[in-house]
Amino acid sequence: MSQEKVSQFYLEENTIRIIAFEVVILTVATLLFQWKYLALFLAVDFAIRAFTYFPTPLKTIAKFFTTQFKLEPKPVFAAPKKFAAGVGFLFSLSIFILFHFQLNTAAFAVGGILLFCAVLESFFKICVGCYVYDWVVAPFVKQS
C-alpha cells in the first residue's frame with residue numbers, strides 16, 4: 001500500500017492528543033470569556049479535519065510539537081477520529097450559535113460536554129466520539 005493510501009486511512013495519535021489539548025485550552029477560553037468567534041474558529045478547524053485532509057491551524061501546531069519532542073509516530077484508524085471531529089464541529093458550531101443568541105446556559109452545557117470529551121482524549125486517550133462511531137456507524141458500514 002502506498003504512503004498516500006496509508007495516510008488516508010490512518011492518523012497520528014500523538015498529534016490527535018495534542019490537538020485535543022489545544023481544544024481544551026480554546027474551549028476554556030471560549031467559555032470563560034464568552035468569545036463566540038473562538039467557538040467559530042474551533043468549528044472551522046474541526047470541519048476541515050472532519051471533512052478534508054487539509055492541514056488546520058491546530059494540526060500544524062500539534063505537528064510542530066510532535067516534531068520538536070521527537071514523539072514516536074503511532075498510527076490510528078482515521079474513520080472514527082474523523083467522525084469524532086465531525087461531532088466536535090457540531091458542538092463548536094452549537095456553542096457559537098448559542099452564544100450568538102445569548103443562550104449562555106445552554107452554551108456552557110454544550111461547551112462542558114466538548115471540554116469533557118477533549119480532556120478524556122488528551123489526558124487519558126479515551127475518544128468518546130470513537131466509541132459512538134463503533135456503536136452507531138461501524139455496524140452499518142459494509143465490510144468487504
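For the reader, a short list of remarks on this structure follows.
- Within the range 19-49: backbone nitrogen closer than 17 Å to the residue 104 label point (7 Å, Cα to C-beta): 28-39
- Considering only 129, 66, 53, and ranking their Cα positions along the charge dipole of the chain that arises from unit charges at the beta-carbon of Lys, Arg, Asp and Glu, the one farthest toward the positive end is 53.
- Within a Gaussian network of the chain (alpha carbon springs, distance under 10 Å), most fluctuating of 106, 79, 118: 106
- At a Cβ-Cβ separation cutoff of 4.7 angstrom, cysteine residues of the chain with no neighbouring cysteine are 117.
- With a Förster radius of 22 Å applied to the C-beta separation of residue 138 and residue 9, the computed FRET efficiency comes to 0.90.
- Using a Förster distance of 25 Å, the FRET efficiency for residue 29-residue 128 (Cβ separation, nearest 0.05): 0.70
- Dividing the mean sequence gap of close Cα pairs (under 8 Å, 6+ apart) by how many residues the chain holds gives a relative contact order of 33 percent.
- The chain: calculated mean residue ellipticity at 222 nm from DSSP helix runs of at least 4, using -39500 (n - 2.57): -24000 deg cm²/dmol
Since every read-out is calculated from the coordinates, none of them should be taken as a lab result. Note that this is a predicted model, so its numbers are computed, not measured. Methodologically, a virtual Cβ is constructed for each residue, glycine included, from the backbone with ideal geometry; neighbour enumeration extends over all protein chains shown.
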